[in-house]
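Here's the structure, in C-alpha cells; my notes come after.
The values are calculated or read from the model by the stated rules, or taken from the named source; none is laboratory data. Please read these numbers as outputs of a predicted model, since none were measured by experiment. So basically every Cβ, Gly included, is an ideal-geometry build from the backbone, and we count neighbours across all protein chains shown. Accessible surface areas use protein heavy atoms only, side chains included; no ligands, DNA or RNA. Shrake-Rupley method; radii C 1.70, N 1.55, O 1.52, S 1.80 Å.
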Amino acid sequence: MKQDIVARISALRDAMRGAGVNAVIIPQTDPHQGEYIADHWQVRRWFSGFTGSAGALVATLDKAFVWADSRYWLQAAAQLEGTGIGVMEEGKPEVPAITQWLCSELKPGEKVGIDGMVFSLDATESLEKELAAKGIGLTVDFTPADTLWTDRPAMPLDKIFVHDEKYAGESSSSKIAKVLADAKSQGADAAFISDLAEVAWTLNIRSRDVESNPVATAFLYLSPVGSTLFVEARKLTPEVSAYLESNSVTTAPYDSVKEFLGALPATTKVLINGAQNAGAVAAALGSRIVRGTSPVAMLKGCKNEVQVQGVRDAMVRDGVALVYSFMEIEDAIATGKKITELDVADILTKHRSAQPLYFDQSFDTIAGFGPHGAIVHYSATPATSVELKPDNLLLVDSGANYLDGTTDITRTITLGNTTPQQRRDFTLVMKGHIALASAVYPEGTRGGQLDTLARINLWKEGLSYLHGTGHGVGHFLNVHEGPQRIHITENPNAMRPGMITSDEPGLYRSGEYGIRCENLILTVPAMTTEFGRFLKFEVLTLFPFDLKLFDTEIMTDNEIEWVNNYHATVRERLLPALEPEAQQWLKTKTATLSR
C-alpha cells in the first residue's frame, strides 16, 4: 500500500506539471462541504492513504504534507510513514497554516491548483486573496483524480425514502415555508442548499449515500414559485417522486445544477451560505447571490418535542443494547475467550441492530484498548486490532441511528486492576463531565463560555485535551452537526432549548491509555428570575460509568450525588426492558458510590 501511495503522488506531480500547477490542495470534503463523505469523493484518502475524517493533503513538486488536527496526529504519523508525505500537526503554534506555508514555498508567478467543487466560496475567496498578495495564482479547475483514479467508486445511487412525519414532527411544506421566510428577512427571494443534512431535514428524506449518515446526495433550490431537487433520477422511487411533487418540489439531474442556477432571471436574489456552498457552484449564480446565514441550521439544531421524545425513546433501546454488549465483552474477558477491538465493534452492532427502529451505526465504532485508546479517533483494522487483556483500560466510542433518533456515547472501562493514576485521571475527566452536565446558565450563553467547566479540573493538574468538548447531534441524521459547539475556540451561536449536544471531555496518555466520558445532553429551560431566563441540560444517554474507576477522595459530595442520581435514572429507565440476568448486571454496575 505504501508503494501505491508513492506512485500516486508521483503521478499527481506529473499531472501538476502538465497543467502548469506548482502546488495542489486536496481537502477531505465533497461538493456539499461535508465532513462525512461518500467513497466517490475520498480523493485525499486515495492519494495519501490517510483515513482521518478531517485534514488536507498539500503537495508541491518536491514536498507533500497532510495537515491534521490533534485527533489524528498519531494516526496520520502511522499511516503516512514510508510514503514521503509528512504530517503538519495543525493547532501547534509553530505549525503554519496551509496558505502561509504555500506562500513561503512558491515564487511569484507560480500557481496553486484546486477543485473548485470541493472548496467553499468563502475558502476559495480567502485563498485567492492571500495567494494574490504574494503574486501567486489560483487555478480552480484542477481535478487530477478524474483521470488518475481509474477505479474510482461511482456516485452513490442508494434509493431515497421519506422520513415519516410521526418521527420528524413537522411536515416538509412547513419547513420550506420557514426557510423561505428567513431567506426573505435576509433580502433574498430564494434559497440554495448544498449541505446534505440540511437537504434531508428540509424535505424529510433520507438515504444511505454516506456511510453511517442517512443522507441523499442532492442540491436543493427553494423558491416561492416552486422548488427543485437536483438528484440522480435512479435514486427516486415513484412514491418519493409523488411525495416531492405534493410539496411543490420538482427534480432535475444532479449535474445540471450549475446550468440551472446560471439560467435564473438576473433579478432573482438567492440566499447562500458562503461556508456551505462550493465556489464553483456559487460562481454560476454570479450577481444573484445574497450571502447570509443558513436558515436551516438553527431550525434543524433545535429539535421539536416529537424529535426530543423520539431521542429519549431511542436512548432506552440503545442503553439496553449496550448492557448486553458490555455483558458479552466482560464475560469474554472473564472466561479467557479471545476478543479483539474489532470484535467489540461487531458485538455492539449485533445488539443494536436487534433493537426496533434501528437503521445503522451513526459512525464507525472506536474501540481502543490500552495505548490505542490514546489515539482520539482510532479506527481498528485487521492489521492493528489487538486482543483485549485484563490489564488496561478500554475506550469505546459508538452510536446508532434509529428512525426516531441518533445516539453517541463513549465509555471508558477497566478490564482488570486499576492504577491510582488511572483512577485519578478518570475522576478528573468525570469532574469536568459532571460540571458541564450540571451547568445552569443565562440565555445567550455560548458553548465557548461553558467549555472551561469541563477542563478546569484537568488544567489545575497541568493536564488537558485538544479536541472539542461538545458537538451538536442530528435527529436521525449526521452525528456531528451545528450550529452550536462546546469548544475552547469561540462560536457565535448561543445554546438554545431543543439543542442536543455531546458532553465528552477526555485525557490521553500516549503509549498508555485514553479516557473519554460522553453523554448527550439536551438544552432545556431552567428558571426565569428578575435577572432573566436561565437554561440547563437534561442528560439523555442511559448507561452506567465504571464505578471501579472513580477516586472518591478527590470528588465533592455533590459530584458523588450526581453519579448516584444519574445511575438511579439509568436503572429506572432500563430495568423494565432487561432480562433478569441483565437486570442484576445493571444493578451491580449502578450500585451506590460512596467514599
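Do the conditions hold for R45, that is, is it part of a helix (DSSP H, G or I), charged (D, E, K, R) and buried (at least 20 other Cβ atoms within 10 Å of the Cβ)? It is false that R45 is part of a helix (DSSP H, G or I), charged (D, E, K, R) and buried (at least 20 other Cβ atoms within 10 Å of the Cβ). Right, T418: open to solvent by less than 10 Å² (accessible area, probe 1.4 Å) and hydroxyl-bearing (S, T, Y) or not? So T418 fails the test.
Note on the stretch 56-88: residues that are surrounded by 17 or more Cβ atoms within 10 Å (Cβ to Cβ) and of a type in the set (D, E) amount to 1. Taking first residues from the stretch 460-472 that are assigned to a loop (DSSP other than H, G, I, E, B) and partners that are aromatic (F, W, Y), the Cβ contacts under 9 Å between residues at least 6 apart in sequence or on separate chains come to Y465/Y508; L466/W73; L466/Y508.
Scanning the stretch 420-438 for residues that are in contact with a Pro (Cβ under 8 Å, 6 or more places away or on another chain) and of a type outside the set (V, I, T) yields G432, H433, L436. Being under 15 Å from I160 (Cβ atoms) and under 29 Å from the mean Cα position of the chain (by Cα) holds for only one residue in E245, E232, and it is E232.
With respect to the stated conditions, N457 is touching a helix residue (DSSP H, G or I) at 6+ places or on another chain (Cβ under 9 Å), in a helix (DSSP H, G or I) and open to solvent by 10 Å² or more (accessible area, probe 1.4 Å). Applying the criterion of at least 1 residues that are within 22 Å of the chain's Cα centre (by Cα), within 22 Å of N519 (Cβ to Cβ) and of a type in the set (A, V, I, L, M) to the strands (runs of 3 or more DSSP E) found wholly in the stretch 358-436 leaves 366-369, 393-398, 400-402, 409-414.
Restricting attention to the stretch 556-592 and to residues that are out of contact with any Lys or Arg (no Cβ under 7 Å at 6 or more places or on another chain) and open to solvent by less than 20 Å² (accessible area, probe 1.4 Å), the residue that is farthest from M430 (Cα to Cα) turns out to be L578.
Listed by position, the strands (runs of 3 or more DSSP E) enclosed by the stretch 223-331 that each have at least 3 residues that are of a type in the set (A, V, I, L, M, F, W, C) and touching a residue at least 60 places away in the same chain (Cβ under 8 Å) are 270-272. The set of residues from the stretch 132-177 being aliphatic (A, V, I, L, M), assigned to a helix (DSSP H, G or I) and either in contact (Cβ under 8 Å) with a residue 40 or more places away in the chain or in contact with a helix residue (DSSP H, G or I) (Cβ under 7 Å, 6 or more places away or on another chain) (or both) comprises A145, L148, A168, I176. Condition check: assigned to a helix (DSSP H, G or I), within 30 Å of G506 (Cβ to Cβ) and either among the polar types (S, T, N, Q) or out of contact with any Phe, Trp or Tyr (no Cβ under 7 Å at 6 or more places or on another chain) (or both). Does Y36 satisfy that? Criteria not met by Y36.
Has the stretch 496-504 got at least one residue that is open to solvent by 20 Å² or more (accessible area, probe 1.4 Å), part of a strand (DSSP E or B) and touching a strand residue (DSSP E or B) at 6+ places or on another chain (Cβ under 7 Å)? Checked against the condition, which is being open to solvent by 20 Å² or more (accessible area, probe 1.4 Å), part of a strand (DSSP E or B) and touching a strand residue (DSSP E or B) at 6+ places or on another chain (Cβ under 7 Å), the stretch 496-504 yields no hits at all. Taking the stated definitions as given, is N273 open to solvent by 10 Å² or more (accessible area, probe 1.4 Å), farther than 30 Å from I366 by Cα and under 25 Å from the mean Cα position of the chain (by Cα)? Yes: the conditions hold for N273.
With T528, T552 as the choices, which residue is over 25 Å from G399 (Cβ atoms) and without any contact (Cβ under 8 Å) to a residue 24 or more places away in the chain?
Exactly one residue qualifies, and that residue is T528.
Restricted to the stretch 535-583, and to residues that are in a loop (DSSP other than H, G, I, E, B) and aromatic (F, W, Y), which residue is farthest from the chain's Cα centre (by Cα)? Filtering the stretch 535-583 for residues that are in a loop (DSSP other than H, G, I, E, B) and aromatic (F, W, Y), the one farthest from the chain's Cα centre (by Cα) comes out as F550.
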